[in-house]
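Peer 1: Let me give you the structure first, and then I'll get to my questions.
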Amino acid sequence: MLLLILTGLAWMMQIMSMMKFLINYGIKFSSFVYLTSLMIPFIVSIILPFVTFIAIIFIYNKMITENEITVMAASGLSPWQLARPAIKMAIFLTIIHFVLSIWIVPTSQAMFYSTQWNLRYGLAHLKLQESAFTKMANGLVVYVDNVSGQDLNQVMLSDMRDANNQMLIFAERGKLVSTVHGLSIITDNGSLQMFGKNGFTTGTFDSFDMDLNLNDNDTDVSFRVRRIPTKDLLNNLITQEDLRRHKKTLVELCTRFVNPFMNLVLAIVCVLILLKSSLLRRKASFAPAAAVLSMACIMAIYMSVSNMITSITGLVCVALGVFVLLLILTGLLIKK
């Protein structure tokens, strides 16, 4: 129930932030819902450890309040036996989290960015309005007198994105074509004017093919590690020479292989504090607050350290640190 509610809330926030696709690009509502739904696996992978913690603290605190834990402990059950249902659930969710992080999230993110590009640029001919100036990107404006599918009549194209190479095209006819490099426009019987550091150039042409170059030119932004398959990400770790991309790859690998264990860590922290403090009747009321504070500290430290990883050694140290913490917490829980 918590997972459904929190995922739904996060999904609604994602829908609100992407409402511009409905307003600016005029896409179908079904396509918009499909696009935003591709973010659900990623949302679930983020909130799953917190959902695990909240569910456990809610159930066990209720059992402590109603003295059920006290009765079971008096009957001879150890803290480890009392904690087993929570730990079994955490192990199950850890496995689910691994499947999400390693396979489902990269696949859904690749589909998300591909669909987003197609809705924004690949279907650009559907948003061109007749006898109107259409802004396709910052500095790229197209005017079309008549649109018939992908065929355009009386085309004016202004490309001012590069201050050193500004271009103005007038053509009788044009055609939008989707290529492996993106969206291109082929114009016939027109004139070309270019402005740049080499001066002013003008001329006419029978046919001119222009790549609209609507892909993100920022290589750091376009390098989206979340959409790269795990196998390719591991290969990139060895062959990647760019330091910034190398760091992003390390952080993403930590997210995929270490984050799932946080379900177990938070679950054991929660039951450890609640069950051990339930024997101290006067201090038991502080147990939920202590568990929440511990959870916040652990996640803050883990997220800070994982985002500072710059080498494979650092990644291994973070993974070992989480594993050692898990062993220590388990030992404290088993200890009578």
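Peer 1: Please verify whether Ser45 is assigned to a helix (DSSP H, G or I) and touching a His at 6+ places or on another chain (Cβ under 7 Å), treating the condition exactly as stated.
Peer 2: Yes: the conditions hold for Ser45.
Peer 1: Can you find, within region 1-28, the residue that is farthest from Leu48 (Cα to Cα) among those that are of a type in the set (Gly, Ala, Ser) and at pLDDT 80 or above?
Peer 2: Step by step, filter region 1-28, then rank; the result is Ser17.
Peer 1: Related question: For region 89-113, name all the residues that are over 24 Å from Ile54 (Cα atoms) and not hydrophobic (A, V, I, L, M, F, W, C).
Peer 2: Answer for region 89-113, where residues must be over 24 Å from Ile54 (Cα atoms) and not hydrophobic (A, V, I, L, M, F, W, C): Pro106, Thr107, Ser108, Gln109, Tyr113.
Peer 1: Follow-up question, since we're still on this one. Starting from region 49-74, keep only residues that are under 24 Å from Leu93 (Cβ atoms) and assigned by TED's automatic domain parsing to the domain that holds Val265, then list their pairs with residues that are surrounded by 16 or more Cβ atoms within 10 Å (Cβ to Cβ) and of a type in the set (S, T, N, Q) whose Cβ atoms are within a distance under 7 Å, requiring at least 6 positions of separation or different chains.
Peer 2: Cβ pairs passing all conditions: Pro49/Asn263; Thr52/Asn263; Ile64/Ser278; Ile69/Ser278.
Peer 1: Consider region 25-57. How many of its residues are more than 17 Å from Ser108 (Cβ to Cβ) and of a type outside the set (A, V, I, L, M, F, W, C)?
Peer 2: Looking only at that region, the number is 6.
Peer 1: Looking only at region 95-108, count how many residues are of a type outside the set (A, V, I, L, M, F, W, C) and surrounded by fewer than 21 Cβ atoms within 10 Å (Cβ to Cβ).
Peer 2: 2
Peer 1: Where residues in region 290-322 are over 20 Å from the mean Cα position of the chain (by Cα), more than 16 Å from Val265 (Cα to Cα) and touching a residue at least 12 places away in the same chain (Cβ under 8 Å), which of them is surrounded by the most Cβ atoms within 10 Å (Cβ to Cβ)?
Peer 2: In this case the residue turns out to be Leu315.
Peer 1: Just checking, does region 36-52 include any residue being surrounded by fewer than 16 Cβ atoms within 10 Å (Cβ to Cβ) and not β-branched (Val, Ile, Thr)?
Peer 2: Within region 36-52 (the criterion being surrounded by fewer than 16 Cβ atoms within 10 Å (Cβ to Cβ) and not β-branched (Val, Ile, Thr)), the answer is yes, since at least one residue qualifies.
Peer 1: Is one or more of the residues making up region 230-242 modelled with pLDDT of 85 or more, in a helix (DSSP H, G or I) and among the aliphatic types (A, V, I, L, M)?
Peer 2: yes
Peer 1: Considering only region 74-156, give the helices (runs of 4 or more DSSP H) lying wholly within it that have at least 2 residues that are at pLDDT 80 or above and aromatic (Phe, Trp, Tyr).
Peer 2: So the answer is 79-99, 105-117.
The values are calculated or read from the model by the stated rules, or taken from the named source; none is laboratory data. Since this is a predicted model, take the numbers as computed values, not measurements. Positions of Cβ are generated from backbone atoms using ideal geometry, with glycine treated the same way; all protein chains shown enter the neighbour counts.
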